[in-house]
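One structure below.
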Amino acid sequence: MKKGWIILIAVVVVIFIIISSFTGMYNGLVTKEEAVTAQWSNIENVYQRRVDLIPNLVNTVKGYADFEKSTLTDVIEARAKATSVTIDPTKLTPETLQKFQGAQDGLSSALGRLMVVIERYPDLKANQNFLDLQAQLEGTENRIAVERRKFNEAAQLFNTSIKIFPRNMVAGMFGFEKKAYFEAAEGSEKAPEVKF
């Protein structure tokens, strides 16, 4: 009778340890996945900040009558496209992230063309509102780069966690899937050519 109780207690202890281990692994994965989701929200916030600055920039530039209208139209259209692409943070697949990033790259490109054209307008470059908006956009671009790096770090931590044994079994049982990374834009590995 005493031997039966010892075996029963030992089985209960082993079951408790196994359940505790699986619970700890599951909770750890949930915590890391939530960190990725929170970091995604930070990225959306800085991209939204950039999108919110664009109407002010366009209105400031519009004041210069001979300014190229097609460049402004390109910026406005790229802004509309960038705001139309949204991602559910629980479904951060490489395909959805690539679609999002494509829209954001289009906006970055349109803004870049706008800044190049602005070089031909000394009065606009001297306008204090324009200078303030330009500085805010530059700061926002830096924030975007920082938040993207932090997102990639959180995604890497999560992705590593779901691959390590025995967490990979828990991840598979509960449907935790790999998160996508932000990648550099195509062609960015080549240094720009500078001509004088």
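The values are calculated or read from the model by the stated rules, or taken from the named source; none is laboratory data. Keep in mind the model is a prediction, meaning the values are calculated, not measured. All Cβ positions, even for glycine, are placed from backbone atoms using ideal geometry, and neighbour counts span all protein chains on display.
The one condition from (1) modelled with pLDDT of 90 or more; (2) at positive phi; (3) not hydrophobic (A, V, I, L, M, F, W, C) that Arg167 does not meet is (2). When Asp52, Asp74 are screened for being surrounded by fewer than 16 Cβ atoms within 10 Å (Cβ to Cβ) and of a type outside the set (Gly, Ala, Ser), only Asp52 passes.
Only one of Thr60, Thr90 is more than 30 Å from Arg167 (Cα to Cα), in a helix (DSSP H, G or I) and modelled with pLDDT under 90; which?
Thr60
The condition of being within 13 Å of Arg50 (Cα to Cα), in contact (Cβ under 8 Å) with a residue 40 or more places away in the chain, in contact with a helix residue (DSSP H, G or I) (Cβ under 8 Å, 6 or more places away or on another chain) and part of a helix (DSSP H, G or I) holds for only one of Leu72, Leu124, Leu107, Leu114, that being Leu107.
In the range 170-194, what count of residues is obtained for those that are acidic (Asp, Glu) and at pLDDT 85 or above? Before the answer, list the steps.
At the first step, the residues of the range 170-194 found to be acidic (Asp, Glu) are 177, 183, 186, 189, 193.
Subsequent filtering for residues that are at pLDDT 85 or above retains 177.
The total comes to 1.
If the condition is being at pLDDT below 85 and farther than 17 Å from Met115 by Cβ, then the range 64-85 contributes Ala65, Asp66. Every test in (1) more than 25 Å from Lys150 (Cβ to Cβ); (2) under 23 Å from the mean Cα position of the chain (by Cα) is passed by Thr37 save one, and that test is (1). Whether a residue is free of Cβ contacts under 8 Å to residues at least 60 places away in the same chain, buried (at least 16 other Cβ atoms within 10 Å of the Cβ) and assigned to a helix (DSSP H, G or I) was assessed, and Phe16 does not pass this test.
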